[in-house]
Amino acid sequence: RLHGECFMIFVYCVFRNKAEGQRIGKLLIEQKLAACINLWEIDSCYAWKGAVEQAKECAAFIKTKRAYFQKVQKIIQANHSYETPCIIEIRAGQMSEGYKRWFKESLQ
């Protein structure tokens, strides 16, 4: 496991569509705030302003350092099309040594 500033988290986020997820993911990677972003299209059903909504959306796992969560959240909120985007930290457990090295190098 990585210690301190290098500890990896996933930021789970849902975007309006894949293009929005790719655009915001690219911003995070270019600014070295994320090592990788995984996107997949989903069917969502949720409560919003007293109604039940259904939508095709795009979910993402953003791999970043725990210490970067606030910065990642700020960039997502500034560039996201939703009024209240889903931005959730999920802590990572153990990982292989090679992946750990790649992750650490990607954020330097």
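Figures for the structure shown
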{"item": "Acute angle (nearest 10 degrees) that the helix 97-106 long axis makes with the longest principal axis of the chain, alpha-carbon atoms", "result": "70 degrees"}
{"item": "Selection from Thr84, Cys13, Ser96 lying farthest towards where the dipole of the chain points positive, charges on Cβ", "result": "Ser96"}
{"item": "Under the Karplus curve 6.51 cos²θ - 1.76 cosθ + 1.60, θ = phi - 60°, whole-Hz ³J(HN,Hα) for region 30-38, x wherever Gly or Pro sits", "result": "4, 8, 6, 9, 9, 8, 6, 9, 9"}
{"item": "FRET E, pair Glu83, Lys104, Förster distance 25 Å, beta-carbon r, rounded to 0.05", "result": "0.10"}
{"item": "Å² per residue, accessible surface of region 34-78 at 1.4 Å", "result": "61 Å²"}
{"item": "Formal net charge of residues neighbouring Glu83 (Cβ-Cβ distance under 12 Å; K, R +1; D, E -1)", "result": "+2"}
{"item": "Separation of the Arg23 and Ile42 label points, Cα + 7 Å toward Cβ, nm", "result": "2.1 nm"}
{"item": "For Ile9, net neighbour charge (Lys/Arg +1, Asp/Glu -1) across residues whose Cβ lies under 11 Å away", "result": "+3"}
{"item": "Rg/Rh ratio calculated on Cα atoms of the chain (Kirkwood radius)", "result": "1.01"}
{"item": "Using alpha-carbon coordinates, inclination of helix 69-79 to the longest axis of the chain, degrees", "result": "40 degrees"}
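The values are calculated or read from the model by the stated rules, or taken from the named source; none is laboratory data. On a predicted model such as this, the values are computed, not experimentally measured, just so you know. Because the Cβ atoms are built from the backbone with ideal geometry, glycine has one as well, and the counts that use them run over all protein chains shown. Just the protein is used for accessible areas: all its heavy atoms, side chains included, with ligands, DNA and RNA removed. Shrake-Rupley method; radii C 1.70, N 1.55, O 1.52, S 1.80 Å.
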